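Engineer: I have a structure I would like to understand better, so I am pasting it below and will then ask my questions one at a time.
Values in this text are rule-based calculations from the coordinates and carry no lab data. Since this is a predicted model, take the numbers as computed values, not measurements. Every residue, glycine among them, receives a Cβ derived from its backbone with ideal geometry; neighbour counts consider all protein chains shown.
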Amino acid sequence: MSAGRKAAPQVALAIALVAMIVAFACGGPQKPDHSVDKRNEITGLWMQIRDWRHEAKMDLEPSPSTLNQIRFKSVKDAERVCVDNHKVPETCSEVCLLAGDICDNAEAICNIADELGKDDDYAQGKCIDAKASCREAKQKCCGCSAEPTP
């Protein structure tokens with residue numbers, strides 16, 4: 001056997017050993033950062049909320065006073081606007097359906113924000129915005145429902 005053939009396994013072993021040392025020195029295999037994907041998901045859900053706010057003839061952004069009221073409440077608390085068992089007349093069904101969709105997205109955004117943690121200012125801010133949007137949409141639904149039907 002030639003010297004080159006004897007050295008080939010040793011070279012391959014040395015390369016594998018160096019690769020292992022480098023991998024362990026760098027903390028082992030690196031996990032991909034999923035927070036960027038999660039923030040993109042939040043952005044997509046938030047854009048749907050803005051579209052639905054527009055469709056419901058609401059301002060695209062929630063009011064500062066609603067943001068302050070809802071900051072430390074859950075999405076379920078934000079939804080509690082109407083009296084229990086309120087009846088939705090046919091004329092209000094669209095705005096009430098949109099309110100339900102907005103609140104569903106708010107729940108999803110806040111769940112993702114919880115996954116990302118309290119230190120993720122973007123995610124936590126969008127959660128607050130979404131909860132405020134949920135509340136305002138529910139207020140619009142309940143206000144519509146309270147109007148006398150013709």
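Engineer: Out of all the residues in the stretch 28-79, which are of a type in the set (Ser, Thr, Tyr), in a loop (DSSP other than H, G, I, E, B) and more than 16 Å from the chain's Cα centre (by Cα)?
Structural biologist: Correct list: SER63 only.
Engineer: Scan the stretch 43-65 residue by residue and report those that are without any contact (Cβ under 8 Å) to a residue 40 or more places away in the chain and among the basic types (Lys, Arg).
Structural biologist: The answer is ARG50, LYS57.
Engineer: Now, a different point. Quickly run through the stretch 94-122 and pick out the residues that are small (Gly, Ala, Ser) and farther than 19 Å from ILE49 by Cβ.
Structural biologist: Correct list: GLY117 only.
Engineer: Also, I was wondering about something else. Restricting to the stretch 88-147, and then to whatever is touching a residue at least 60 places away in the same chain (Cβ under 8 Å) and assigned to a loop (DSSP other than H, G, I, E, B), can you tell me which residue is surrounded by the fewest Cβ atoms within 10 Å (Cβ to Cβ)?
Structural biologist: PRO89
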